[in-house]
Every structure is written in C-alpha cells, then in structure tokens.
1. If I filter the range 302-314 for residues that are modelled with pLDDT of 95 or more and over 25 Å from Pro168 (Cβ atoms), do I get at least one hit?
2. Out of Met262, Met289, I need the residue that is exposed (fewer than 13 other Cβ atoms within 10 Å of the Cβ) and in a helix (DSSP H, G or I). Which one?
3. Using beta carbons and a limit of 8 Å, which pairs, at least six apart or on different chains, have the first residue in the range 276-290 and at positive phi and the second one open to solvent by 60 Å² or more (accessible area, probe 1.4 Å) and not in a helix (DSSP H, G or I)?
4. What residue, of Glu219, Glu235, is free of Cβ contacts under 8 Å to residues at least 60 places away in the same chain, out of contact with any strand residue (DSSP E or B) (no Cβ under 6 Å at 6 or more places or on another chain) and surrounded by fewer than 22 Cβ atoms within 10 Å (Cβ to Cβ)?
5. Looking at the range 51-69 only, could you name the residues that are assigned to a loop (DSSP other than H, G, I, E, B) and open to solvent by less than 50 Å² (accessible area, probe 1.4 Å)?
6. Being in a loop (DSSP other than H, G, I, E, B) and open to solvent by less than 30 Å² (accessible area, probe 1.4 Å) is true for just one of Ser280, Ser249. Which residue is that?
7. Go through (1) open to solvent by 10 Å² or more (accessible area, probe 1.4 Å); (2) within 17 Å of the chain's Cα centre (by Cα) and name the single condition Ile177 misses.
8. What is the residue count in the range 103-115 for residues that are open to solvent by 20 Å² or more (accessible area, probe 1.4 Å) and touching a Phe, Trp or Tyr at 6+ places or on another chain (Cβ under 9 Å)?
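The values are calculated or read from the model by the stated rules, or taken from the named source; none is laboratory data. These numbers were taken from a predicted model, which means no experiment stands behind them. All Cβ positions, glycine included, derive from the backbone under ideal geometry; neighbour counts span all protein chains shown. Each accessible area value is taken on the protein alone, full model and side chains, heavy atoms only, with ligands, DNA and RNA left out. Shrake-Rupley method; radii C 1.70, N 1.55, O 1.52, S 1.80 Å.
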Amino acid sequence: MELEDIPVPTPGPQDVLVRVRSCGIVPNLANILSNWPTWFPERPLPPLPAIFGLDPAGEIAAVGSQVHAWKAGDRVYVNPGRYCGGCRACRYGDHINCTHYTFNGYFGFSEKSLPIFQAYPYGGLGEYMTAPQYSLVSLPDSVTYDQASRFGYLGTAYSAMRKAGVAPGKNLLVNGISGTLGLGGALFGLAMGATRILGTARNKGLLERVKALAPSRIEVLSLEDGRSIDEWALEVTQGQGIDIFIDASGPGAPHESFLQGMRSLRRGGQTIDIGAAAGSLPVDIHTMMDCQHSLAGSLWFSAGEGQDMADMAAAGLLDLSVFEQVKFPLAKVNEAISGIENRNGGFGNFVVNP
C-alpha cells in the first residue's frame, strides 16, 4: 500500500464525515490484498486505487443536511457493512442479506457492490472518511478508539451467539477460542451469562489465558493433546452435550475439529460457523434430522448489535481491557499488515492510528 494526499471528502445529505483515530488491522487483510481476485473472483474488491480499512473508529467532524441524531464531536465506531436500502431484503430490515451488501474498504459480495464502492470510496486507513448515518455506533467514554476498532471481529461472534440464544443455563463450545474471532466467543459467553464455556485451540499458553478470564466457568482443551472434542465435551458436561457450538476456525483449518464439535451437540443443539473454514464437510444429515440439530453460517453484525456491544462495555459486562494494543502510524501500515502474523493470538489487537 502507498501513502497519498487527497482532498478531505464532503458528506452527502444522510452521511457524516468521520475523523478516523484508529482502524483495526484484521488477519485476513493480507489475503484480501494479495489473493482475493484469484480465490474469489465473483466477490469484487473496490476499484483500484482504493482506500482499504475495515474497522474504523473516531469522532464525527461534520454531518449532512438530513442527519439529525448525530453531531460533530460524537465518538463513533463505523460499521463497514453497506446496503442499498431499496431491495426486498432491505425493506424487510434484513440488511445483511441486501442484494448489494458490501464491506466498505474491504470487498463486496457480488458485482452489485460496485455502485456501493463508488458511493463510499473511503475506507478506514485514512485520516477522514464519509459514512452513512445508519452505520454508526455511539461509543461511551470508557471505550477507547483502539478498543472500538476491534468491534468487527467481536461483532461477528456476538451476532452469531445472539442468533443462537446464548443465555444462562446454556453451555457453549468455541473451536478456535484463543484466536481473533474465538476470543470474542469467550468474552460474550461471559457477558451473556452462559453457564459453562468450553474452548478448544492448539496453543496451550493462550488457552490458559482464556481460562484465566473466568476459571470457574471456562474449560479448555488443546487440540495437541490428541483427545477428540466430542469425547471431552461429553465428559465435561456429564453426558449432556453442547447447546451451542461456534466454529471460529478459518480457511485452511482441518475439518475434523469442526465435525467433532458437531458430534458433541445435545438433542436440539446448534452449530454456527463464523470462521469461514473452507471446503465441503461430510455431514450426517440423518443424525441432524433425528437429533434436530441445526447448522448455519453467520456473517458480520448490524450497527444495532454494535450498539449492544458498546452498551455492554459501558455497563461493565464486556471486558475490553484484555486486548493488548499494538499501534502503528498510517505511514507504517504495511508493517502492521505483515506483522499481524506474529500477534499474541486473539489478545493482540493491531491498529493503525491515522
């Protein structure tokens, strides 16, 4: 990526201008920049030259003429999900299934994303960006901009767990719990009152850090130990099985841990994939029917769910202090992108401060 000077944009009537203070660097950004057109040619990138940056937070610098709920100086996180507002899904309020749904500063889900990129060409890796007012999350003073720039991956976990009905009395299994996505599963499992949280990953040191968040409620298993996840989960739950299984493992992860997690479900249990593990799974659909199991994918989160997260942090339910901020100036964005491979699991939070 190269650093250039461009004019400060002017917000449209229903948009705001945000002075970006922090933008999260997500582990997948290197793939987006280097491999995406080859891997997923049907999911376009913004036309180059483009300003990338998925997870920005900052303060509003100016508002459009039809913006009434926000004002200059408000501290905000900007949800990058963009939608058209006019298709059938949007008219039902199902914005993430919009025919034009697009990740601003990242990638689109079809060729219909191209006009969205044209309307909103500014990602978070710049000093200023325009954003629609519907994308904003109000930040309490207790949430720093660097912490808010983690909301994207946190929100992915929260939305899935909200769909699954995580609550007191439920037990939760998160595969990949020590990673960037999975750690959100641990934090929201605690915040949403899950009675017991089981977590699997490889790195034993990181797993112990996850368990230390709530030793009486979190149990962990290293995949290096050689035990099957389903055998272990049934033992920990005294044969009851798992209510909700969240898989946070990414592309390239082995499928066996995913399948073992599914086999650990109780009758009526749910599996939700948030990690984008790639490829085809040999799923036993007869068992799914007999046991009334469900398998679903969950993508991203709404600005309303983002506001839930901010409110949970303000109330002390969501602990964002666990993240270790690794900061870079905008001029060193390439160092941030290449260095994130050495992050301390999900605890490391790589951010650019424009």
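1. Of all residues in the range 302-314, those modelled with pLDDT of 95 or more come to 302-314.
Those left that are additionally over 25 Å from Pro168 (Cβ atoms): 303.
Yes, the range 302-314 contains a residue that is modelled with pLDDT of 95 or more and over 25 Å from Pro168 (Cβ atoms).
2. Numbers: Met262 fails: exposed (fewer than 13 other Cβ atoms within 10 Å of the Cβ).
The unique qualifying residue is Met289.
3. If the second residue must be open to solvent by 60 Å² or more (accessible area, probe 1.4 Å) and not in a helix (DSSP H, G or I), the pairs left are Ala276/Pro251.
4. Details: Glu219 fails: out of contact with any strand residue (DSSP E or B) (no Cβ under 6 Å at 6 or more places or on another chain).
Exactly one of Glu219, Glu235 is free of Cβ contacts under 8 Å to residues at least 60 places away in the same chain, out of contact with any strand residue (DSSP E or B) (no Cβ under 6 Å at 6 or more places or on another chain) and surrounded by fewer than 22 Cβ atoms within 10 Å (Cβ to Cβ), namely Glu235.
5. Initial filter on the range 51-69 (assigned to a loop (DSSP other than H, G, I, E, B)): 51-54, 64-69.
The answer is Ile51, Phe52, Gly53, Leu54, Gly64, Val67.
6. Numbers: Ser280 fails: open to solvent by less than 30 Å² (accessible area, probe 1.4 Å).
Checking each option against the conditions leaves just Ser249.
7. All conditions are met except number (1).
8. Residues of the range 103-115 open to solvent by 20 Å² or more (accessible area, probe 1.4 Å): 109-112, 114-115.
From what is left, the residues that are touching a Phe, Trp or Tyr at 6+ places or on another chain (Cβ under 9 Å) are 109-110, 112.
Result for the range 103-115: 3.
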